[in-house]
Amino acid sequence: MSCTIIVGTQWGDEGKGKIVDYLTEDADVVVRAQGGHNAGHTVIADGEKHVLHLMPSGILWQGKTCVIGNGVVLDPASLLKEIDGLAEKGLEVKPSQLLISDAAHLNLPYHRMLDAAREAGLGERAIGTTRRGIGPSYGDKIDRSGIRAGDLAYPDLLAERFAAKVRENNAILMAAGLETIDFDTEVAVLLDCALRLQPFLANTPNFLHKALAAGKDLLFEGAQGTYLDIDHGTYPFVTSSNTTAGGACTGSGVSPRAITRSIGVAKAYTTRVGSGPFVTENEDFGERLHGMGREFGATTGRARRCGWFDAVLVGYATRVNGFDEIALTNLDGLDGLERIKLCSHYELDGGRLDYPPSRIEDYTRCQPIYEEMDGWGVDTTQARNFEDLPEKARAYLDRIASLSGAPVTIVGVGPDRSQTLVQ
């Protein structure tokens, strides 16, 4: 029995889907424990590209069970769109392959409308959300007024609760002079979704406990990254769930004592989508990556902000999450550079920091302290083991491990499964 948690070390988009997909071969169950359809995992298998949002990446493997845990906020229509999209590719998703926690909260149309309205109202102070209603969904959960996936099995009760929430939120939208929700249209969509999703509902903590007792291997698929965590991230420019390792336990019902391995996924550089401070951001480097066709969001298509590798972020993430090892992706994004920078510390008010300040006002004033290394100047995409990498690329990996506090054991040199090197 093993329980492995995969967590992003930066602001998400680190390539976790690729690492989860690679490790799924040795797993029996793949669990998604938090977040919503604002997250996107891009997996390329056998040359075919799959972009998954709510669906755990393990669905692309035969004989694996996928779980959407209680910590997820679930948009029923979005999930069914993914299921139908996979079916069009010949990948039929059956209830025996996918279990949805009956305690997961639903993400519904009024959540998206409220999210968009709040972002628009913030103007220049906007957080940069995907406007998919994730914050308002978790808000209802914390307010103890949300609708849960288990209600999908009771159409009359579901319609009654949905009607009450539509009345409540239409009053808010109307007061703001915004478009309101058409109940008749939306309830019809919701009830159709409920009929299709009922067979997938389960008490997923009970299923996971039995899987552990039977000696099954579990893989927890993180969404977003450490610095989008509601507690440990660059607040308020964060998501609305715990994206760190502890969130895998609370979002699934699996005890922390069952966890045997924690892997942090980092890019060989740093990217961020949306607003908020970014100490190592470098516009010229970003333009280079965008010119290569890289760093556009899987969910939104937005160009990501790009910068040099930030070991302050990754080192602190290692301590918060207890990483045993680091999986480094996109090493090939640095191919061809003569010189490469790594941020080892921050400078703030004349002092050196090896952690990101909690106050956003302080973090915004931090300046990077860089080390520079030689680039390797050659293509790494054909490498199939660590020994195939240029000596200078391996020196870069060693320095990242030293600064971050965990060994680099997996390296990605391209999007395909075959372009994954394991040490």
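We did not get these values from a lab; they are worked out from the coordinates using the rules stated. What you see is a predicted model; the values in this text were computed from it and never measured. Using ideal geometry, Cβ is built from the backbone for each residue, glycine included, and neighbour counts are taken over all protein chains shown.
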Seminar exercise, completed: per DSSP, antiparallel bridges as share of beta bridges in segment 265-422, % nearest 5, sits at 70
Exercise. If you line up the long axis of helix 391-404 against the longest principal axis of the chain, both from Cα atoms, how many degrees apart are they, to the nearest 10?
Worked result: 60
Exercise. For the chain, what is the percent of antiparallel DSSP beta bridges, rounded to the nearest 5?
Worked result: 40
For this session: Could you give the size of the charge dipole of the chain about its Cα centre, using +1 on the Cβ of each K and R and -1 on the Cβ of each D and E, expressed in debye and rounded to the nearest 20?
Result: 700
Exercise. Between rounded, prolate and oblate, where does segment 56-96 land on the alpha carbon gyration tensor, with a ≥ b ≥ c its root eigenvalues, rounded for a/c under 1.5, else prolate if a/b exceeds b/c?
Worked result: oblate
Exercise. What does the charge dipole of segment 105-197 about its Cα centre add up to, to the nearest 20 debye, if the Cβ of each Lys and Arg holds +1 and the Cβ of each Asp and Glu holds -1?
Worked result: 360
Problem set entry | Gyration tensor verdict on segment 103-260 (Cα atoms; rounded if a/c is under 1.5, prolate if a/b is larger than b/c, oblate otherwise) | oblate
Exercise. Quick one: which of 353-365, 322-334 comes out on top by average Cβ neighbours within 10 Å, and what's the full order, highest first?
Worked result: 322-334, 353-365
Problem set entry | Shape call, segment 35-76: gyration tensor on alpha carbons, a/c limit 1.5 | oblate
For this session: Provide the packing ranking of 342-351, 238-247, 218-227, i.e. peptides ordered by the mean count of other C-beta atoms within 10 Å per residue, highest first.
Result: 218-227, 238-247, 342-351
Exercise. Helix 204-213 versus the longest principal axis of the chain: what is the Cα-based angle in degrees, 0 to 90, to the nearest 10?
Worked result: 50
Problem set entry | Folded to 0 to 90 degrees: helix 311-321 orientation relative to the chain principal axis, Cα | 50
Problem set entry | Top positive-direction residue, dipole computed over the chain with Cβ charges, set V273, M113, G333 | M113
